[in-house]
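This report concerns only the one structure given below.
Only the coordinates and a few stated rules stand behind these numbers; no lab work does. Fair warning: this is a prediction, and the values are worked out from it, not measured in the lab. Note that we place each Cβ from the backbone using ideal geometry, even for glycine, and neighbour counts take in every protein chain shown.
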Number of protein chains: 2
Amino acid sequence: MTSYPITERTRVKRGHERANYDQEIVHAIIDEAYLCHVGAQMKDRPMVQPTFHWREGNKLYIHGSSKNALFKSLLDGVEACITITHLDGLVMARSSFHHSANYRSVMIFSKAKQIAPPEEKSRLLDLMMKKITPDRFDDIRSANEQELKATTVLEFSLQDVSAKIRTGPPVDDEEDYSLPVWAGVIPTTLEKGKPLDDPRWLDDHGDKSQEIK
Amino acid sequence: MTSYPITERTRVKRGHERANYDQEIVHAIIDEAYLCHVGAQMKDRPMVQPTFHWREGNKLYIHGSSKNALFKSLLDGVEACITITHLDGLVMARSSFHHSANYRSVMIFSKAKQIAPPEEKSRLLDLMMKKITPDRFDDIRSANEQELKATTVLEFSLQDVSAKIRTGPPVDDEEDYSLPVWAGVIPTTLEKGKPLDDPRWLDDHGDKSQEIK
């Protein structure tokens, strides 16, 4: 398996036994998530914004309004830390101290590069759409010139990147195993529910969401 | 309803129609989530870390190892931005541009205050346990002196705080409503699965998780 390099930025200091640098694993954690949290120091304050992300090869992309203040700071050359987290379970131990979470997270350090050519921006936004809604992609209207202009696409390099993963049952102190309290893991997952039709879709087309979506 | 003040820090600039400062709403978003993303500028890099959080009144708390590098920066007086995000749905529009997410997020700007007195630390960690596992709280072993020493509890003020919320169907350009593509919302929720017994619990007690948990 190909691994990302362990760099000064990405060497996991706390809980290093949970660190993982394998490319396939890092990419899978990124691809399964819709949301990342993008953090950077702005002029007058720190900022952590949730936003959609997508990936192509060793690049991560986000998009937003060209008026977004965080984006402006990133385009001024401020470094970002982008974190993606899946909460996979609540780890119920026998002692307060050993309670934990099962999770998979990825942390990326990178400066942003703006994607300027409209055709490349359009291609990348299409990639995002294919991630969000692969089955409907062919039928939705692509971004027009004006919409492309209003949208900033930022690229980040997956280079200073690491994953951190915890799985499995609680690990208690030996003397606590005899305590008469249940211990184990309560799994948590982001589940998709039944699609809700847009009321105006219903007006025009009736309830055909299952066929058409 | 009581509201948090709109401050220079918390006035939502982009998408201000989604902004919300109502205390009940802000608190509900915070309390429903297990994970927040804590961001701050460290000496040599920005940092965004996922961690458990809990709340009492107008204070938010996180805890971690006293050796955590981000915590050290926060204790040096660096301001944090803490963001909590619930992804509630994927908003499927008729055009690429109007795809969106339904979400509820809270953003907090605050410096950290360390909770020093062991008995106060212990009380606050118990509060966290009551959030994570209210039914098992009475039966788990509380933190002992050594565990308390190894744990740092940080307090943040809910003052420069705002919520941002999007709900409802897609909003498309009028001319796109006739496109023959399904539109609506795919709801997403963090669901809890069936509890998984710790193998060592099974050895000692058999499968009684449903009774005892």
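Observations
- B:Phe137-A:Glu56 FRET efficiency (beta carbon distance; Förster radius 45 Å; 0.05 resolution): 0.45
- Inter-site label distance for A:Glu119 and A:Glu191 at 7 Å from Cα along Cβ, in nm: 4.6
- In plain terms, if you count all Cα to Cα distances in chain B and split them into 5 Å steps from zero, the share in each step is 1, 6, 12, 14, 15, 14, 13, 10, 7, 5, 3, 1, 0, 0 percent.
- Degrees separating the helix A:23-32 axis from the principal Cα axis of chain A, which is the longest one: 70
- Over chain B, dividing the summed -39,500 (n - 2.57) contributions of all DSSP H runs of at least 4 residues by the number of residues returns a 222 nm mean residue ellipticity of -6000 deg cm²/dmol.
- In degrees, nearest ten, helix B:118-132 long axis to first principal axis of chain B (Cα): 50
- Over 26 Å (Cα to Cα) - which of A:Lys59/B:Lys72; A:Lys43/B:Lys72; B:Lys67/B:Lys164; B:Lys130/B:Lys192; A:Lys43/B:Lys121; A:Lys131/A:Lys164 fall in this group: A:Lys59/B:Lys72; B:Lys67/B:Lys164; A:Lys43/B:Lys121
- In this rough spin-label picture, where each label sits 7 Å from Cα along the Cβ direction, the B:Lys43-A:Asp44 distance is 2.9 nm.
- Across the stretch A:16-212, the relative contact order, built from alpha-carbon pairs under 8 Å that are at least six residues apart, equals 26 percent.
- Ordered by the count of other Cβ atoms within 10 Å of each Cβ, fewest first, A:Val48, B:Val181 give B:Val181, A:Val48.
- When the Cα convex hull of the protein assembly as shown is projected onto planes of every orientation, the mean area is 22.6 nm².
- Lys/Arg +1, Asp/Glu -1 at C-beta; the stretch B:16-212 dipole; positive extreme among B:Phe156, B:Gln114, B:Gln49: B:Gln114
- Inter-part distance where the stretch B:129-154 and the stretch A:68-118 are each reduced to a Cα centre, Å: 26
- Order of A:Glu174, B:Glu79 under a 10 Å beta carbon neighbour criterion, fewest first: A:Glu174, B:Glu79
- As a proxy for reagent exposure, B:Leu127, A:Leu196 were ordered by neighbouring Cβ count within 10 angstrom, fewest first; the result is B:Leu127, A:Leu196.
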